[in-house]
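First comes the structure, then the notes that go with it.
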Amino acid sequence: MTTERSFPKVTVVVPTYNERDNLPRLVGRLTALRLPDLHVLVVDDNSPDGTGDVADKLALESPEAVAVLHRTDKDGLGRAYIAGITRALDEGADIVIQMDADLSHPAEAVPAMVDALSSTDAAAVIGSRYVPGGSVATEWPWRRRALSAWANLYVNAILRLKVKDATAGFKAWRAETLRKIDVHSIRSNGYSFQVEMNHRTVSQGMRIAEIPIRFEERSAGISKIGLAVQIESALMPWKLLFDRRADGTGRRWWPATWR
């Protein structure tokens with residue numbers, strides 16, 4: 001995975017929109033890990049609350065650990081991730097981690113995710129709520145728990161990903177995996193972006209591992225999951241199933257797991 005470096009270069013891509021209160025806490029938790037060659041790339045979509053300015057201050061204070069990518073348009077989580085992942089790969093990242101800025105993803109799980117990629121043949125590692133040892137916040141109402149569980153059953157029933165937490169947004173990727181699935185060409189946005197990345201990986205015969213995490217409720221701000229995102233997320237598995245280009249190769253229209 002690495003060339004001349006003794007440790008993999010790890011870049012944590014963090015999309016932000018109105019996360020000025022959460023971002024400094026997240027960056028503090030990540031830098032406190034003391035993980036060698038860990039970098040944080042904040043991708044801010046022109047947040048009106050000044051998150052971009054907060055990110056710039058963090059980068060000024062720790063230029064070796066924090067960088068900022070400013071985008072002028074808010075055009076979805078998927079587009080923000082693609083912009084951040086592209087920059088991370090261009091700057092030589094060996095491992096790219098997707099992580100939300102709302103403190104729902106536990107920073108202390110990052111070393112285990114990196115270790116899993118470094119010591120196994122996994123192409124990607126998911127921080128999973130639904131493998132043994134994983135859990136969700138006790139503050140979640142039963143309706144939200146039911147919706148999350150149903151969404152994972154729904155995605156797996158259609159695409160047969162054999163991943164317990166198919167909709168998760170906390171992931172670590174090998175750089176070569178991201179290149180192989182041609183992440184730049186992914187069309188979906190919102191949270192279905194996560195499903196499409198998984199689908200492309202599994203369709204090309206690569207393995208996704210899962211490690212347990214406790215998913216916390218956001219501590220500040222509001223959720224950004226709107227009706228349009230929910231509709232896209234419901235339709236995307238069917239589009240992926242029947243689109244012969246959806247695995248990034250154009251060779252087949254059915255998932256490899258259906259063979």
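Only the coordinates and a few stated rules stand behind these numbers; no lab work does. Here the structure is a predicted model, which is why all the values come from computation and not from measurement. Cβ placement follows ideal geometry from the backbone for every residue including glycine, while neighbour counts extend to all protein chains displayed.
Each residue of region 164-177 is assigned a 3J(HN,Hα), and the resulting list reads 5, 10, 5, 9, 5, x, 9, 9, 10, 10, 5, 4, 5, 5 Hz, derived from the Karplus form 6.51 cos²θ - 1.76 cosθ + 1.60 (θ = phi - 60°), x at Gly and Pro. Once backbone amide H atoms are built at 1.01 Å from N, PHE215 has SER135, VAL136, ALA137 as its partners under 5 Å, excluding neighbours fewer than 5 places away on the same chain. Ranked by the mean number of other Cβ atoms within 10 Å per residue, highest first, peptides 192-203, 97-108 order as 192-203, 97-108. Spin-label model, ASP56/LYS239: points 7 Å from Cα along the beta carbon direction are separated by 3.5 nm. Among the GluC sites (Glu not before Pro) in region 25-104, those located in a DSSP loop and surrounded by at most 12 other Cβ atoms within 10 Å of their own Cβ are GLU64, GLU91. Label-to-label distance, ARG179 versus TYR154, with points set 7 angstrom from Cα along the beta-carbon direction: 3.6 nm. Legend: calculated FRET efficiency, ASP90 to ALA65, from the Cβ-Cβ distance at R0 = 22 Å, rounded to 0.05, equals 0.75. Assuming a ≥ b ≥ c are the square roots of the Cα gyration tensor eigenvalues, decide whether region 1-93 counts as rounded (a/c under 1.5), prolate (otherwise, with a/b larger than b/c) or oblate. It comes out oblate by the Cα gyration axes. With θ taken as phi - 60° and the Karplus curve 6.51 cos²θ - 1.76 cosθ + 1.60 applied, the whole-hertz 3J(HN,Hα) list for region 22-32 is 7, 4, x, 5, 5, 4, x, 5, 5, 5, 5 Hz, x standing for glycine and proline. For region 1-157, just say rounded, prolate or oblate: build the C-alpha gyration tensor, square-root its eigenvalues into a ≥ b ≥ c, call rounded for a/c under 1.5, and beyond that prolate if a/b exceeds b/c, oblate if not. Judged from the Cα gyration tensor, region 1-157 comes out oblate (a/c at least 1.5, b/c at or above a/b).
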